[in-house]
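This report concerns only the one structure given below.
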Amino acid sequence: MQRVLDSRIWPLAALAVIVVIAPLFFSSLYDYRIGALVFIFALAVVGLNLLMGFAGQVSLGHAGFLGIGAYAVAIGPTYFALPAWFSLLVGAVLSGIVAFLVGRPILKLKGHYLAVATLGFGVLVAIVLTNEADWTGGPDGMNVAHLMLFGWKVHGSDTWYWLAGATFIVGFVLAANLVDSPSGRALQAIHDSETAARMLGIDVARKKLTIFIVSAIYASVAGSYLALFDGHITPDVAGFLRSIELVAMVVLGGMGSVFGALVGAAVLVVLPQALTVFHDYEQATLGLIIMVFMIFLRRGIVPSLSAAFSGWRR
Amino acid sequence: MAELLQFIFSGLTVGAVYALVGLGFTLIYNASDIINFAQGEFVMLGGMITVFLVAAGVPLPLAALIAVGLTTAVGLALHRLAIEPARGSSPVTLIMITIGASIFLRGIAQIIFDRRFHSLPSLFGSEPIHFGGATMLPQSLVVLAVAAIIVVLLWLFMERTLLGKAVTATAANRLAARLIGINTRRIVDFSFAISAAIGAVAGIVVTPITLTSYDVGTLLALKGFAAAMLGGIGSAPGAVVGGVLLGLIEALTAGYISSNYKDAVSFLIILIVLVAMPQGLFGRARIERV
Amino acid sequence: MTILSASQLAISFGGVRAVDGVSLAVERGEVYSIIGPNGSGKTTLFNLISGIYVPTTGTIRLAGENVTGLVPEQLARRGLSRTFQNLQIFFRMSVLENVMVGRHRHEKTGIFADLLHWPSVARQNRQTREAAMAALARVGLAEAAERPAAALPYGALKRLEIARALASEPVLLLLDEPAAGCNPVETQELDRVIRSLTNEGITVVLVEHDMRLVMNISDRVHVLASGRTLAHGTPLEVRSDPAVIEAYLGTHGSEEAARAIG
Ligand SMILES: Nc1ncnc2c1ncn2[C@@H]1O[C@H](COP(=O)(O)OP(=O)(O)OP(=O)(O)O)[C@@H](O)[C@H]1O
Ligand SMILES: [Mg+2]
């Protein structure tokens, strides 16, 4: 029991403290905005980490699901008069279905082949969003109505900060639960040896598909939040670069570290903002950050730090 | 019929470029197991450097030569400064490094050059050649000829020279290659240099037709990667065939279905090929032994 | 009663006929050993029986049921488990977690229950943990439970694989060279573990190069050479078979061979 308490409650408490304390250091609404973006991306990253870090299956196309979620909350209210929250759910279900249909064939692939297949999927979504201009507004994107919850309009960076923070914590808890469960163990087993996992009765194809769907739903919800928060959405949300950013966040924070998701998202959201004095330097900086971190902290920030820390303690 | 021929011409031209990018992927992958996503940036650099040198008054042939040289240096630097220090990392980490490099190079290009589209004068003028009712730009012939020359030279090099054989040996079995005294690090250096040079040449010859800008690399890299996959990664003939096929499919889709969806169709086809023949057209299946 | 029977199994890789018309019948509760020189097809035979490879010809029956062509996870659910000559450890997990995965086929799992960590999941985790600890204790690895699997020495990893297979409560257990890399004490220990398994009615099929262990423990021995059956029978019959002796060290070395096998 003690062990369970240790492993379950502390990270959660630490997270809650971070969410609550961080605003003390904020000096403007802009800071809240960055905070909200960090949590929204971290949510997608937690899901992707379940797929990549735990089950060991790469996806270079997860922004596709980000896009589905984002356009669901844009299109639902505009064309079908659906409430935004309901559109978010529709988007999540749709992402799950798409993940099921796409995942079934492509999750049989391994390594580089899986990488290019997921990449192809992501690019396809972006192309469709760009070309179906009647529905999506094409490359210029479309406006997204405000989220209404119980007759209350959700707007303002600070409100979104709290909403995104709370949602991230929920997503974090669900992921942490999964890790310490039969499904979670099965996923980790698949990562190390599919053969041994199958030999122990694990239906590898099904487990992979399930986690692909779960991670797609995480991304979809994050995409919906992004759209509702920004109030405007373009196909870039589903683009290749976004997929790469998500993967970079996973790897940066540390594959297989649920906590790392937050760190990875924070670094890749905050650093470019902080370093980008001129808009022109944004891409160069982003590329440089990715390279430098991958080279020098290749195990990811959280695992590298905790290894250093435990070595120091001993 | 003339229409079909027209689409085939343009398909072959783009396909030749995809094939060259795919070849670049294959060279590096065989030598090091690394998927180099910055491959498209080599193409971009080749085109952009030439454009700006020509604009600065350098004669075209000299500009092209300098561009190839500089791009080759960038390829070498990429290996030495970004890939080497991360040796032994997981494949995902290495992929991310090359993607980071690609974003970085694009960002730098945007700063040094600009964000506009540029063209180059074509070597043999822009008077279209008529053939079977279809027309073809003289530059398209240049692209095809250059691609063919590169493929043949590369093949001769691999088959006939000691260094080429060392590259082949390294691709087949790195450990064994090292044991018989091949400096595999040098081989990887070399593969990055050659890939960069090939990419740069492709960028220079295709710019008069398709124009170039700082961000043409991404899609090219994806297509070239797709071409390599289509052919079966690790197979040089596969990359060439895959590239040409991809170019043709795209041109036909753009012509007969929708030009908006030409990119979509090529990715769709890749997905289908991967699912139906996971090893690509020319790749070999590997069984994991337990 | 025959628990496992195979008839005329064959598979080849490229030109190599790795297994070439092998038949065998294993009785419930016995220790059935498969020996043979390197490359004689022992591991390949295991891969066929456990569904990793599909034989080009021949049939496999498990407890009377034709299971040819079934995939490993289906066989696992019928009570087949195995260890691997090339270790297939879950290196990112702790020793205990490795064995907990072995409990998978006895766990009820659903993605929603697991995400929400329902009380039933917590209860089941506890049971799984206890069963896994018990399996670890049987192979003498209880103390190492919380260590990362990657930190264990080779011999211990071999036993970890056995514990993991045991945790799945197999009816039929295939062990591929469990004594490789073990010191004499560990081998002795292994001998004891295998005997305790058969006392519980678990059938063990053993591939092993340690002849002392094989001859001590086996009820019957099956000798392979170049993918074919060379001999089979009781240890006594097999070790006095001239063909076996010859296959092992050639005619010149038959003296030493006799001693090695004996
Ligand atoms: N997946 C495979 N692909 C190609 N050849 C294989 C494969 N698996 C086995 N072989 C070949 O089949 C033959 C039998 O190999 P196997 O591993 O079954 O032998 P073994 O009896 O287990 O040997 P050892 O005692 O060394 O473990 C060998 O020639 C081997 O090279
Ligand atoms: Mg073997």
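Counting only DSSP H runs of at least 4 residues, each contributing -39500 (n - 2.57), and dividing by the residue count of chain C, the helix-based mean residue ellipticity at 222 nm comes to -11500 deg cm²/dmol.
Taking the Cα centre of region A:2-239 as reference, the dipole from Cβ charges on Lys and Arg (+1) and Asp and Glu (-1) amounts to some 760 debye. Inter-chain neighbour count for A:108-119: the average number of beta-carbon atoms from partner chains within 10 Å of each residue's beta-carbon is 6. Among the lysines of the protein assembly as shown, pairs that are 8 or more positions apart or on different chains and have alpha carbons within less than 17 Å of each other number 6.
Can you classify region B:1-133 as rounded, prolate or oblate using the Cα gyration tensor, where a ≥ b ≥ c are the square roots of its eigenvalues, rounded means a/c under 1.5, and otherwise it's prolate if a/b beats b/c and oblate if not? Here region B:1-133 falls in the oblate category.
For region B:89-168, what class follows from the C-alpha gyration tensor (a ≥ b ≥ c being the square roots of its eigenvalues): rounded when a/c is under 1.5, otherwise prolate if a/b is larger than b/c, else oblate?
Working: a/c = 2.86, a/b = 1.22, b/c = 2.34.
Oblate.
Per residue, region C:92-167 exposes an accessible area of 43 Å² to a 1.4 Å probe, with every protein chain left in place.
Grab the DSSP H runs of chain A that are 4 residues or longer, score each as -39,500 (n - 2.57), total them, divide by all residues and round the 222 nm result to the nearest 500 deg cm²/dmol.
Values: 14 runs with 232 residues, N = 314.
So the calculated ellipticity at 222 nm is -24500 deg cm²/dmol.
Taking every Cα-Cα distance in region A:2-239 and sorting them into 10 Å bins starting at zero, the pair-distance distribution P(r) comes out as 8, 30, 33, 22, 7, 0 percent. Projecting the Cα atoms of A:Val102, A:Ile233, A:Leu60 onto the charge dipole of region A:2-239, computed from C-beta unit charges around the Cα centre, puts A:Val102 farthest toward the positive end. Quick one: check the C-alpha center-to-center distance for region B:1-27 versus region C:170-206, whole angstrom. So the separation of the two Cα centres works out to 61 Å. Across all directions, the shadow cast by the convex hull of region C:92-167 built on its C-alpha atoms averages 4.9 square nanometres.
Here region B:231-248 and region B:93-141 have alpha carbon centers that stand 20 Å from each other.
Sorting the segments A:60-70, A:218-228, B:5-15, C:154-164 by their residues' average number of neighbouring beta-carbon atoms within 10 angstrom, most packed first, yields A:60-70, A:218-228, C:154-164, B:5-15.
Treating each Cα of chain C as one equal point scatterer and applying the Debye formula with no solvent, the log10 of I(q)/I(0) at q = 0.07, 0.13 Å⁻¹ comes out as -0.26, -0.86.
Each Lys and Arg adds +1 at its Cβ and each Asp and Glu adds -1 at its Cβ; summed about the Cα centre, chain C shows a dipole of about 680 debye.
For C:Phe13 and B:Phe131, what does the FRET efficiency come to when R0 = 41 Å and r is the distance between their Cβ atoms, rounded to the nearest 0.05? Don't skip to the answer; put the middle values down first.
Values: r = 51 Å, r/R0 = 1.23.
The value I calculate is 0.20.
Kirkwood radius and radius of gyration were both taken over the C-alpha atoms of the protein assembly as shown, and their ratio Rg/Rh is 1.01.
What does the accessible area per residue of chain A come to in Å², with a 1.4 Å probe and no ligands, DNA or RNA counted? Mind dumping the intermediate values first?
Numbers: 12430 Å² over 314 residues.
That works out to 40 Å² per residue.
Across peptide B:86-93, the mean count of Cβ atoms from other chains lying within 10 Å of each residue's own Cβ comes to 5. Database remark: amide H of C:Ile35 closer than 5 angstrom to the amide H of C:His222, C:Val223, C:Leu224 (H placed geometrically; neighbours at sequence offset of 5 or more, or on other chains; Pro and chain starts carry no H). If the chain linking A:Leu12 and A:Leu241 were pulled fully straight, counting 0.36 nm for each residue of separation and taking away their Cα-Cα distance, it would gain 79.4 nm.
Kindly identify region A:170-314 as rounded, prolate or oblate by the Cα gyration tensor criterion: order the square roots of the eigenvalues as a ≥ b ≥ c, call it rounded if a/c is under 1.5, otherwise compare a/b with b/c, prolate if a/b is larger, else oblate. Because a/c hits 1.5 or more and a/b fails to exceed b/c, region A:170-314 counts as oblate. Listed by number, the DSSP H helices of chain A that run 15 Å or longer by alpha-carbon position along their axis and have mean Kyte hydropathy of at least 0.0 are A:2-21, A:29-49, A:63-80, A:84-106, A:111-131, A:157-179, A:204-230, A:240-253, A:260-275, A:282-296, A:301-313.
Antiparallel versus total DSSP beta bridges in the protein assembly as shown: what percent is that, nearest 5? Here the antiparallel bridges make up roughly 65 percent for the protein assembly as shown. Charges were assigned to the Cβ only: +1 to each Lys and Arg, -1 to each Asp and Glu. The resulting dipole of region C:92-167 about its Cα centre is roughly 160 debye.
Hey, any idea what % of region C:92-167's accessible area is carbon plus sulfur with a 1.4 Å probe? Here carbon and sulfur together make up 58 percent of the probe-accessible area. The sum of -39500 (n - 2.57) across all DSSP H runs of n ≥ 4, divided by the residue count of chain B, sets its helix-only mean residue ellipticity at 222 nm to -24000 deg cm²/dmol.
Would you mind calculating the relative contact order of region C:92-167 from Cα pairs under 8 angstrom and at least 6 residues apart, reporting the percent as a whole number?
Value for region C:92-167: 52 percent.
Here the accessible area of chain B is 69 percent carbon and sulfur, with a 1.4 angstrom probe and all protein chains present. The trypsin sites (Lys or Arg not before Pro) of region C:76-123 that DSSP puts in a loop, and whose beta carbon has at most 15 other beta carbons within 10 Å, are C:Lys108. Rg/Rh for region C:1-99 stands at 0.99; both radii use Cα atoms, and Rh follows the Kirkwood definition. Take the accessible area of A alone and of B alone, subtract that of the pair with a 1.4 Å probe, and the total buried over both chains is about 3700 Å².
Taking only the alpha-carbon atoms of region B:2-276, what semi-axes of the equivalent ellipsoid follow from 5 times the gyration tensor eigenvalues under a square root, in whole Å, largest first? If you can, show how the numbers build up before the last one.
Details: eigenvalues 172, 97, 66 Å².
Equivalent ellipsoid of region B:2-276: 29, 22, 18 Å, largest first.
The protection proxy used here, the mean number of other Cβ atoms lying within 10 Å of each residue, ranks peptides A:132-142, C:176-186 as follows, highest first: C:176-186, A:132-142.
Roughly how many percent of the accessible protein surface of region A:98-256 is carbon and sulfur, given a 1.4 Å probe and a whole-percent answer?
61
Could you identify which residue out of C:Glu246, C:Glu189, C:Glu30 has the top mean-square fluctuation in a GNM of chain C using Cα springs shorter than 10 Å? Of C:Glu246, C:Glu189, C:Glu30, the most mobile in the Gaussian network model is C:Glu246.
The values are calculated or read from the model by the stated rules, or taken from the named source; none is laboratory data. Not measured: the values here are computed from a predicted model. Please note: Cβ atoms are built from the backbone with ideal geometry, for glycine as well, and neighbour counts cover all protein chains shown. When the accessible area is computed, the model is the full protein with side chains, heavy atoms only, and any ligands, DNA or RNA have been set aside. Shrake-Rupley method; radii C 1.70, N 1.55, O 1.52, S 1.80 Å.
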